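The values are calculated or read from the model by the stated rules, or taken from the named source; none is laboratory data. Note that this is a predicted model, so its numbers are computed, not measured. Glycine gets a Cβ as well: all are built from the backbone with ideal geometry, and neighbour counts include every protein chain shown. Areas reflect the complete protein model, heavy atoms only, side chains present, ligands, DNA and RNA absent. Shrake-Rupley method; radii C 1.70, N 1.55, O 1.52, S 1.80 Å.
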Amino acid sequence: MDITVIGTGYVGLVVATCFAESGNDVVGADLDENKVDMLRQGRSPIYEPGLEALLQRNLEHGRLRFTTDVAAAVRQGDVIVVAVGTPPDEDGSADVSHVLDVARVIGQNMDRQKVVVTKSTIPVGTSDRLRDAIEALSPHPVHVAFNPEFLKEGSAVADFMKPDRVIIGTASDHARDVLTDLHEPFVRSGNPILYMDLRSAEITKYAANAMLATRISFMNTIARLCDAVGADVSDVRKGMGSDDRIGPRFLFPGVGYGGSCFPKDVKALAASLRRNGVDPVILDAVEGVNEAQKRLLLEAMDEAFPEGLAGRSVAVWGLSFKPGTDDMREAPSLVVIEGLLGRGAEVRVHDFQALEEARRRLGDRVTYCERNYDALDGADALLIITEWQPYRRPDFERMKAAMRQPLILDGRNLYEPDRMRDLGFEYRGVGRGSAGEPAASPA
Ligand code: NAD
């Protein structure tokens, strides 16, 4: 099948590469010349496990190519996949202007019937606007579909290759048949393809992300109660999660969710609800709890250093919004680091993939450390923000020897509080009141 993917960011690049890997001829089109240059050389602009090797293989086999000529790319494809960004507008609603720009280019370059399938996350009703924009410019039949993308950064290739489910929202039988054919190689083990109307599919994507964000904010609230009364959220989590109506996933408290999806999708869904006369009180609360949670470690630092942080050195482990990616969009680390710098601390940071991205965002205001132990040299505290796997079993003696004060504020509950105390650390996790030193007397 001849496929054109417009927008070669986190989603578009993975989609283009994986469709080429299953034998299709794919052209990826993007306005960003630097990105396209890198891709043509077989270099991935983002870190994503397995992606670069797949990219190189499909370039070599001639099934995948990249261009900045979006119009020519549109003419090439029988299926046009739209994967451009939908960033938040000032009021939190999703800005769909890139999607509608693409619709116009498609409309101007339709030379035969085509399937146009959007993978960008778009507010309910946007697929209809996209179809209207194309039809206003072209007499050829356009078969519009919405196929939400559920890949997770950090395991994007694996998620795309083995999705839990594929959702195809469309009113067109032709789009349904073509997209079923395209996705069948990825659901051979029986995971379902679900068909629905466009609007239901558009809502499904937002509802799924908002539900996951809700679980996180809910657990962060429970964790605060655990800290306040000296209970252990890890036990509460296991007790809740073993109820199979609830299930164990996405119940881990932490320093708040970040990334390019949850924050913007929760806000955009709230805006859709508001626009349609539905009170988004639950989503506003999810968002409010998350904003507060990003400041949890700063609150803990203020408690630990009542005299202030001027002249203190603070180590930060983990900058990306989650492990397995170099993406720092909306990362809690940025809030924490800005807060530390604002309080006059010297900040030494480490991450396994995001140091370059951090340099781009933070410049020379912090010290970048290639090895995690280097960040600890002379540190008065270590703040753990991203749960990269190698942080889980470090050499604690080496850490203690490097630090000026053995204080660890662990935003991801990587360690056991009792063990850390035995090792001579002052340690505080999230909601682990009874497992370590109670953070406060029970009320
Ligand atoms: P991104 O910013 O990484 O990539 C978007 C790309 O589109 C950029 O390379 C940009 O240059 C290009 N672009 C913008 N306007 C264009 C135009 N008119 N023509 C051609 N190219 C254009 O974004 P992303 O993270 O890949 O997200 C894309 C969409 O997918 C968003 O709607 C997002 O919500 C959704 N989504 C993202 C993820 C994720 O994990 N990142 C997961 C599921 C869904």
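Can you tell me which residue among ARG188, ARG199 is surrounded by fewer than 18 Cβ atoms within 10 Å (Cβ to Cβ) and under 28 Å from VAL278 (Cα atoms)?
Result: ARG199 is the single residue among ARG188, ARG199 that is surrounded by fewer than 18 Cβ atoms within 10 Å (Cβ to Cβ) and under 28 Å from VAL278 (Cα atoms).
Restricting the search to segment 183-201, which residues are out of contact with any helix residue (DSSP H, G or I) (no Cβ under 7 Å at 6 or more places or on another chain), farther than 21 Å from THR126 by Cβ and not small (Gly, Ala, Ser)?
Matches in segment 183-201: HIS183, GLU184, PRO185, VAL187, ARG188, ASN191, PRO192.
Considering each residue of segment 162-178, count those that are assigned to a loop (DSSP other than H, G, I, E, B), under 18 Å from SER127 (Cα atoms) and out of contact with any helix residue (DSSP H, G or I) (no Cβ under 7 Å at 6 or more places or on another chain), and give that number.
Final tally of qualifying residues: 1.
Do you know which residues across segment 386-404 are in a helix (DSSP H, G or I) and open to solvent by less than 30 Å² (accessible area, probe 1.4 Å)?
Answer for segment 386-404, where residues must be in a helix (DSSP H, G or I) and open to solvent by less than 30 Å² (accessible area, probe 1.4 Å): TYR391, PHE396, MET399, ALA402.
Name every residue in segment 291-344 that is hydrophobic (A, V, I, L, M, F, W, C) and in contact with a Ser or Thr (Cβ under 9 Å, 6 or more places away or on another chain), in order of residue number.
Across segment 291-344, the qualifying residues are VAL316, TRP317, LEU319, PHE321, MET328, ALA331.
Listed here are the residues, each with its yes/no results for (1) within 16 Å of the ligand (Cβ to nearest atom); (2) closer than 14 Å to GLN293 by Cβ; (3) among the charged types (D, E, K, R).
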| site | (1), (2), (3) |
| --- | --- |
| ALA228 | no, no, no |
| VAL236 | no, no, no |
| GLY241 | no, no, no |
| PHE250 | yes, no, no |
| GLY256 | no, yes, no |
| LEU269 | yes, no, no |
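Please go through segment 12-42 and give me each residue that is open to solvent by 30 Å² or more (accessible area, probe 1.4 Å) and more than 22 Å from the chain's Cα centre (by Cα), ordered by number.
GLU21, SER22, GLY23, ASP25, LEU31, GLU33, ASN34, ASP37, MET38, ARG40, GLN41, listed by residue number.
Looking only at segment 314-338, which residues are of a type outside the set (A, V, I, L, M) and either open to solvent by 10 Å² or more (accessible area, probe 1.4 Å) or on the phi > 0 side of the Ramachandran plot (or both)?
Residues satisfying the conditions are GLY318, PHE321, LYS322, PRO323, GLY324, ASP326, ARG329, GLU330, GLU338.
With the requirement that a residue be over 23 Å from the mean Cα position of the chain (by Cα), hydroxyl-bearing (Ser, Thr, Tyr) and farther than 21 Å from GLU338 by Cα, what does segment 359-417 give you?
TYR373, TYR415
Can you pull out every residue in segment 101-153 that is without any contact (Cβ under 8 Å) to a residue 40 or more places away in the chain, within 13 Å of the ligand (Cβ to nearest atom) and assigned to a loop (DSSP other than H, G, I, E, B)?
Hits for segment 101-153 are ASN109, LYS152.
Look at segment 1-44 and say how many of its residues are in contact (Cβ under 8 Å) with a residue 24 or more places away in the chain and more than 7 Å from the ligand (Cβ to nearest atom).
Counting residues in segment 1-44 that are in contact (Cβ under 8 Å) with a residue 24 or more places away in the chain and more than 7 Å from the ligand (Cβ to nearest atom) gives 26.
Taking ARG348 and the conditions (1) touching a residue at least 24 places away in the same chain (Cβ under 8 Å); (2) assigned to a helix (DSSP H, G or I); (3) of a type in the set (Lys, Arg), which numbered condition does it fall short on, given that it satisfies the others?
Condition not satisfied by ARG348: (2).
For residues that are out of contact with any Gly (no Cβ under 6 Å at 6 or more places or on another chain) and part of a helix (DSSP H, G or I), scanning just segment 422-438, find the one that is surrounded by the most Cβ atoms within 10 Å (Cβ to Cβ).
Ranking the qualifying residues of segment 422-438, first place goes to ALA435.
Would you pick out the residues in segment 307-342 that are β-branched (Val, Ile, Thr) and part of a loop (DSSP other than H, G, I, E, B)?
Passing the criteria: only THR325.
Inside segment 219-261, can you point out the residues that are assigned to a helix (DSSP H, G or I) and either open to solvent by less than 30 Å² (accessible area, probe 1.4 Å) or not assigned by TED's automatic domain parsing to the domain that holds ASP410 (or both)?
MET219, ASN220, ALA223, CYS226, ASP227, VAL233, SER234, GLY241, listed by residue number.
Listed here are the residues, each with its yes/no results for (1) surrounded by fewer than 18 Cβ atoms within 10 Å (Cβ to Cβ); (2) under 25 Å from the mean Cα position of the chain (by Cα).
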| position | (1), (2) |
| --- | --- |
| SER44 | no, yes |
| ASN58 | no, no |
| PHE66 | no, yes |
| ASP95 | yes, yes |
| ASP101 | yes, yes |
| LEU130 | no, no |
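Inspect all residues belonging to segment 75-84 and state whether any of them is touching a residue at least 40 places away in the same chain (Cβ under 8 Å) and assigned to a helix (DSSP H, G or I).
yes
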